[in-house]
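What follows draws every value from the coordinates through simple rules; no lab data is involved. Nothing here was measured: the structure is a model prediction, and the numbers come from that model. Cβ: placed from backbone, ideal geometry, glycine included. Neighbour counts: every protein chain shown.
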């Protein structure tokens, strides 16, 4: 048995399908939760998007309208497994873009209400908190991508 483990490796003993499924459902839940308040309060979300100072005004309102719906579609796709690879890639890209935007604003001296899970501008925490939380969400997405890759290799 020991010799088999050495030949196959410990990674082959991990049920990567189950790991990928669990992480993907967690990511889906995060996206579904994140979109709800923003869909219900697009004007409030637009003011948060504007506070980032990265988009011109016409794009601020357009982004505030379509981004929560994109999060909803990604959450549903991740949950159901429909277009799983594309949804996972796009979700990871969005989380990376969100994190980079927070880091850039932090170094620009701009303190924003994140807008990740609420469209309320009153909800505010230190930027370090938002950057750390979004880094963990990005790490979750990247680990999900890796689990998906390993599950594909094992099949």
Only helical DSSP H runs with n ≥ 4 go in: add -39500 (n - 2.57) per run for the chain, normalise by residue count and round the 222 nm mean residue ellipticity to 500 deg cm²/dmol.
-26500 deg cm²/dmol
Once you have the Cα-Cα distance between residue 76 and residue 32, take 0.36 nm times their residue separation minus that, and quote the gain in nm to one decimal.
15.1 nm
Between (i) 2, 9, 16, 19, 17, 12, 9, 6, 4, 2, 2, 1, 0; (ii) 2, 10, 18, 21, 20, 12, 8, 5, 3, 1, 0, 0; (iii) 2, 9, 14, 15, 12, 10, 9, 8, 7, 5, 4, 3, 1, 0, the structure-derived P(r) over Cα pairs in 5 Å bins from 0, in percent is (i)
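Would you work out the relative contact order for the chain, in percent, from Cα pairs under 8 angstrom that are 6 or more residues apart?
35 percent
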Can you tell me the orientation of helix 16-40 relative to the chain, as the angle in degrees between its alpha-carbon axis and the longest Cα principal axis, to the nearest 10?
10 degrees
Assuming 0.36 nm per residue, please report the length gained on full extension of the stretch residue 120 to residue 89 beyond their Cα-Cα distance.
8.3 nm
So for the range 43-106, using the alpha carbon gyration tensor with a ≥ b ≥ c as root eigenvalues (a/c under 1.5 gives rounded; past that, a/b versus b/c decides prolate or oblate), I'd call it oblate
Most fluctuating residue of 108, 84, 24 in a GNM of the chain with Cα springs under 10 Å: which is it?
108
Check: C-alpha center the range 16-30 vs C-alpha center the range 87-122, spacing in Å is 22 Å
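Round to the nearest 0.05 the FRET efficiency obtained for residue 61 and residue 25 when R0 = 30 Å and r is the Cβ-Cβ distance. Could the numbers behind the result be given before it?
Numbers: r = 32 Å, r/R0 = 1.08.
After rounding, the FRET efficiency stands at 0.40.
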Treating the angle as unsigned and between 0 and 90°, give the value, to the nearest 10°, between the Cα long axis of helix 42-51 and the longest Cα principal axis of the chain.
90 degrees
If I model a spin label as a point 7 Å beyond the Cα along the Cα-Cβ vector, how far apart are those points for residue 69 and residue 104 in nm?
2.5 nm
In the range 64-93, which residues have a backbone nitrogen under 16 Å from the label point lying 7 Å from residue 142's Cα in the Cα-to-Cβ direction?
89-93
